[in-house]
Each structure stands twice: as structure tokens, then as C-alpha cells.
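Accompanying notes for the structure given below.
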Amino acid sequence: MKYYKVIVPLSAVLLSACSLRAAFVGQLDPAYAPKKADPIALVLSDHPSIADRQVFPVVREELVKSGFKLVEPSQASWILGVSTNNETYFSGIKTTKISFGFSEAQTTIQNARSSSIYFWLFPAGPYRDGKRIAVWDGVESMDPGKFQEHMGDYVHALIEIYGKNFYDNSERLSKVKKDVDSN
């Protein structure tokens with residue numbers, strides 16, 4: 001009975017992480033084959049947003065946990081850029097009809113929100129020379145509220161598709177590693 005106080009909260013965390021969903025895209029230029037063992041430098045854009053600066057330390061921590069060798073840009077084989085984007089977009093019109101002896105309709109414009117994390121991988125030499133052409137990019141889109149609560153889980157899932165072609169429009173984060181390992 002003494003473990004009850006630990007098991008219940010831990011179960012809630014695990015179940016909530018399993019239900020997190022995101023859309024993933026990873027695109028690799030076929031001329032390149034980046035490896036996790038290659039030294040990489042993590043950078044932000046020249047004008048990072050507050051959200052970019054919030055996610056940056058989480059990305060760094062998750063890269064280290066995943067076995068990446070982080071170095072300064074001058075020592076890197078690859079430069080990994082990270083940024084975020086939040087958007088609200090039109091998702092349709094909802095009409096509700098109510099009738100109690102008379103007819104009445106209510107129309108509501110529906111909006112949706114999305115948060116995305118973007119990774120771009122550049123060869124370090126050309127990047128340092130000002131030629132910034134990505135050879136791999138990874139994008140993950142998710143619910144903004146869930147992202148703030150589970151930032152590490154989302155970042156880790158995007159890191160799992162590092163350097164690979166991958167697409168899934170609505171995947172459970174818990175399945176991403178298994179799906180990537182089977183490719």
C-alpha cells in the first residue's frame with residue numbers, strides 16, 4: 001500500500017504520454033547520410049523567438065540523452081538549427097439549429113491552433129561559409145497546450161527521426177521509436 005502514492009501518479013504520466021499525438025515529417029537529401037555519432041552543433045536562428053529560446057535547452061538536453069555528441073560550430077560535422085512556430089487557422093464553420101416551436105440557427109466560425117518544432121541539418125563547412133542549404137529537415141506539429149506540458153516528450157520524438165525520411169500525419173509519440181527502428 002505504501003507504493004500507491006508513487007504508482008498512481010506515475011501511471012497517469014505514462015498514460016498521458018502514450019496519448020500524445022503529433023504529425024511528423026522528416027526529409028533527407030539522398031546525397032547525405034548523417035549519423036548520430038557525428039559531432040553536431042545546435043544553433044538558433046539569428047532572431048529567435050521566445051518560444052525558440054524556451055525549447056532550445058530542452059532540445060540540447062534530449063540530444064545528449066539520446067547519445068549525440070554536441071560540440072561548438074567550429075568543431076562540428078553538422079549544424080542543427082531549431083525553431084518553433086505557433087499558428088491559428090480557419091478550420092470551418094459550425095451551424096447549430098435549435099427549434100422549440102420556432103426555428104433558430106447559430107453559426108460559429110471554427111479556428112484551430114497548432115504548434116510546430118522545426119529542425120534543419122546543414123553540413124558544417126558550407127554553413128560556416130554562409131551557404132546554408134539544409135540536407136535534412138524534421139517538422140513536428142502538435143496541440144499547443146500539450147506541447148507546453150510535454151515539451152521533452154515532443155522534442156525526443158522528433159529527435160528519433162533525425163536523419164531519416166519519415167512521415168506520419170497523426171502518430172502516438174510512444175510508437176515513433178518503434179516505427180523509426182523498423183525503417
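Tabulated data
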quantity	calculated
Inter-label distance for Gln148 and Ala31, nm, one decimal - labels placed 7 Å from Cα along Cα-to-Cβ	4.3 nm
Positive minus negative residues near Met151 (Lys, Arg vs Asp, Glu; Cβ under 14 Å)	-3
Asp38/Tyr167 FRET efficiency (R0 35 Å; Cβ-Cβ; nearest 0.05)	0.90
Computed label-point distance, nm, for sites His47 and Leu70 using a 7 Å Cα→Cβ extension	2.6 nm
Environment charge of Gly81, counting only residues whose C-beta is closer than 11 Å and scoring Lys/Arg +1, Asp/Glu -1	-2
Residue pairs, from the table Lys35/Lys69; Lys65/Lys146; Lys35/Lys65, whose Cα atoms sit over 20 Å apart	Lys65/Lys146
Per-peptide average of other Cβ atoms within 10 Å, ordering 43-49, 114-120, 163-169 highest first	114-120, 163-169, 43-49
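We did not get these values from a lab; they are worked out from the coordinates using the rules stated. These numbers were taken from a predicted model, which means no experiment stands behind them. Heads up, the Cβs are rebuilt from the backbone with ideal geometry, glycines too, and the neighbour counts pull from every protein chain shown.
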